[in-house]
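A short worksheet on the structure shown next.
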Amino acid sequence: MIIDISRPLHTKTPTWPGDTPFSYEVSWSKEQSGSVNVGKLTMSIHTGTHVDAPFHFDNEGKQTCELPLERYIGKARVVDMIGKQSIGSSDFQDLDIKGVERLLLRTSSWSNSEMFPDSITYLEADLAPYLAAQGVQLIGVDVPSVDPLDSKKLLAHHALHRHGIHILEGLDLEGVNPGDYELVALPLALIEGDGSPVRAILRSWKGD
Ligand SMILES: Nc1ccccc1C(=O)C[C@H](N)C(=O)O
Ligand SMILES: [Zn+2]
Ligand SMILES: [Zn+2]
């Protein structure tokens, strides 16, 4: 069974304040072309469910096509982090995540999916070295950013990047039970890019 953990993209999908609104239109209709409807898509890369490429926050960082695909496909653990203002290494005291390569955090802090949130559960800068020591290589969150929404320094983004942890944002983890799954969330083959929208799905893990 496939669990779709992507947010739907349509004109009501909230965008980062000030960023490009989402739009899809048939720019060349079947009547006009004589054969097909042809669509045109305009959106920010950071709308809905997406990956951040390091170039998003580092001019020297890797762009989308340079992202290693194996990070975005494989065994992943969903953990419950509901009701926290922020998440640091101490929040993992009672959890054993040793050897978990892909970690998805269910914060449930984006309550109204039709509105951009006012505040979200964010990651503390001390989390990245802790996660890296456990073997984590990809972190996924159910909110638009791993940092506080008003952050300019993006401490969590930079710390995760320094520790080789890739970032997946804007997941929909409502109703997903904690546990192990297979994750697929592949970025597009954009030659240039500061990230990419993804179709993110989970499948039940069928054993190692
Ligand atoms: N789309 C934006 C427009 C303007 C300023 C920031 C953004 C971001 O998306 C940054 C965010 N920290 C992010 O997680 O990727
Ligand atoms: Zn982003
Ligand atoms: Zn980000």
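All of the numbers you see were taken from the coordinates with simple rules; none came from a lab. Treat the numbers as computed from the prediction; the structure is a model and nothing was measured. Every residue, glycine among them, receives a Cβ derived from its backbone with ideal geometry; neighbour counts consider all protein chains shown.
Please work out, to two decimal places, the log10 of the ratio I(q)/I(0) at q = 0.16 Å⁻¹ from a Debye calculation in which every Cα of the chain carries one identical scatterer. Values, matching the q order: -1.06. A Gaussian network model of the chain, with springs between Cα atoms under 10 Å, assigns the largest mean-square fluctuation among Val176, Val146, Val51 to Val176. Computed on the range 114-172, with alpha-carbon pairs under 8 angstrom and 6+ residues apart, the relative contact order is 44 percent.
Quote the convex hull volume per residue of the range 105-208, based on C-alpha atoms, as a whole number of Å³.
Per residue, the Cα convex hull of the range 105-208 comes to 134 Å³.
Annotation: peptides 25-35, 163-173, 97-107, 198-208, ranked by per-residue average of other Cβ atoms within 10 Å with the highest first, follow the order 163-173, 97-107, 198-208, 25-35. I need the Debye-formula profile for the range 138-187: one equal scatterer per C-alpha, no solvent, reported as log10 I(q)/I(0) at q = 0.29 1/Å, two decimals. Ignoring solvent entirely, the Cα scatterers give -1.20. Going from the fewest other Cβ atoms within 10 Å to the most, the residues Trp16, Trp110 appear in the order Trp16, Trp110. Based on C-alpha pairs under 8 angstrom that are at least 6 apart in sequence, the range 53-208 has a relative contact order of 32 percent. Once the Cβ-Cβ distance of Leu149 and Asp126 is raised to the sixth power relative to R0 = 25 Å, the FRET efficiency obtained is 0.80. Here is how the number arises for the chain: DSSP H runs of 4 or more residues each give -39500 (n - 2.57), the sum is divided by the residue count, and the result at 222 nm is -2500 deg cm²/dmol.
Which pairs, out of Lys62/Lys98; Lys62/Lys152; Lys153/Lys206; Lys30/Lys75, put more than 32 Å between their alpha-carbon atoms?
Where the Cα-Cα span goes over 32 Å, the pairs concerned are Lys153/Lys206; Lys30/Lys75.
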